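*Asks:* Please find one structure pasted underneath; my questions will follow.
Computed from the coordinates by the stated procedures, all read-outs in this text should not be read as laboratory data. If you're wondering where the values come from, they're calculated on a predicted model, not measured in any experiment. Every residue, glycine as well, gets a Cβ built from its backbone with ideal geometry; the counts of neighbours run over all protein chains shown.
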Amino acid sequence: MEWGEAERALRAEMVDCARRLWQRGLVTGSSGNISAKMEDGAILVTPSGRSLERLRESDIVHLRHDGTPLLAAARPSSELPLHLSAYRVRPDAKYIVHTHPTACVTWSLRGRLFPRVTVGAMESLGAVGWVPYAPAGSAKLADSAAEIFARGVDAILMERHGLSTLAATLERAFILTDLAEESARIALGSTLSLPTDPSEQGKRNLGDEGVPMPPHRAIF
């Protein structure tokens, strides 16, 4: 299949981002996925079951406007519903990065957002949204994530799952992912207390230990 110049450049950019995510330890195994929205509304997304470390430009799946693969045999990421829902509610977004960073996932297992305790996190990362648990790849997860993205948040932490970021550039989506994981690691290593009750839904993202986070979706 022949690619136009713009699509070829996007595929190369996605492969580069995939390798950077791997090198930074933001993905392992075959976890993680990346997508890009083209000018005509079509979407490029990484395939299911492929390690991002070894991603090739030819592995990336081209989707029609309705989300169906251009090639019938292609297998897009199982998290495709998440990507499609996010693009629907955020027309400004051109790229989405979904990862399973260790420290972020650790905080999500505790049922809470990580405190943004550094200047970099507070100024550059911005608000982070919380999405309660729903099965990976499900419409429920996609809808819950879209509800938060629609409120202008560019990074969300999904309970017992991982992190998703969106942006107008792939570099920005990568930076948000990297910043979130750094912030989560620093917070884990700090003296901030962790909740001992796994049913506790968490605390505010700015480290206000006295105010419980609502039991549903929240942004701090």
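*Asks:* Which value at 222 nm does the chain reach when only helices count, each DSSP H run of 4 or more adding -39,500 (n - 2.57), with the total divided by all residues and rounded to the nearest 500 deg cm²/dmol? Walk me through the numbers on the way to the answer.
*Replies:* Values: 5 runs with 68 residues, N = 220.
So the helix-based figure for the chain works out to -10000 deg cm²/dmol.
*Asks:* A further question follows. Angle between the Cα long axis of helix 139-149 and the longest principal axis of the chain, 0 to 90 degrees, nearest 10?
*Replies:* With both axes taken from Cα atoms, the answer is about 70 degrees.
*Asks:* Going by alpha carbons, how many degrees (0 to 90, nearest 10) lie between the helix axis of 80-89 and the longest principal axis of the chain?
*Replies:* Its long axis makes an angle of about 80 degrees.
*Asks:* If you don't mind, another one. Count charges around residue 134 for me, please; just the other residues with Cβ under 9 Å from its Cβ, Lys/Arg as +1, Asp/Glu as -1.
*Replies:* -1
*Asks:* Also, I was wondering about something else. Compute the relative contact order of region 5-219 as a whole-number percentage, counting only Cα pairs closer than 8 Å that sit 6 or more residues apart in sequence.
*Replies:* Relative contact order, region 5-219: 22 percent.
*Asks:* Separate question: Taking amide H positions as placed 1.01 Å from N in the peptide plane, with prolines and chain starts having none, which residues 5 or more places from residue 167, or on another chain, fall under 5 Å of its amide H?
*Replies:* Amide H neighbours of residue 167, under 5 Å, 5+ apart: 94, 95.
*Asks:* Sticking with this structure for a sec: If you take every residue apart from residue 66 with its C-beta less than 14 Å away from the C-beta of residue 66, what net charge results, scoring Lys and Arg +1 and Asp and Glu -1?
*Replies:* Charge balance near residue 66 sits at +2.
*Asks:* For a footprinting-style exposure proxy, rank 17, 104 by other Cβ within 10 Å, fewest first. Walk me through the intermediate numbers first.
*Replies:* Details: 17 22, 104 27.
Sorted ascending by nearby Cβ count, the order is 17, 104.
*Asks:* Can you tell me which of 30-36, 141-147 comes out highest on packing, and rank the rest after it, using the mean Cβ neighbours within 10 Å?
*Replies:* 30-36, 141-147
*Asks:* By how many degrees, 0 to 90 and rounded to 10, does the Cα axis of helix 5-23 deviate from the longest principal axis of the chain?
*Replies:* Here the helix axis deviates by roughly 40 degrees.
*Asks:* Could you work out how far apart the two model spin labels at residue 51 and residue 23 are, taking each label as a point 7 Å from the Cα in the direction of the beta carbon, and quote it in nm?
*Replies:* 1.7
*Asks:* Additional query: Mind sorting 46, 28 by how few other Cβ atoms lie within 10 Å of their own Cβ, fewest first?
*Replies:* Fewest-to-most ranking of 46, 28: 28, 46.
*Asks:* What's the exposure ranking of 169, 102, going from fewest to most Cβ atoms within 10 Å?
*Replies:* In increasing order of surrounding Cβ atoms, one gets 169, 102.
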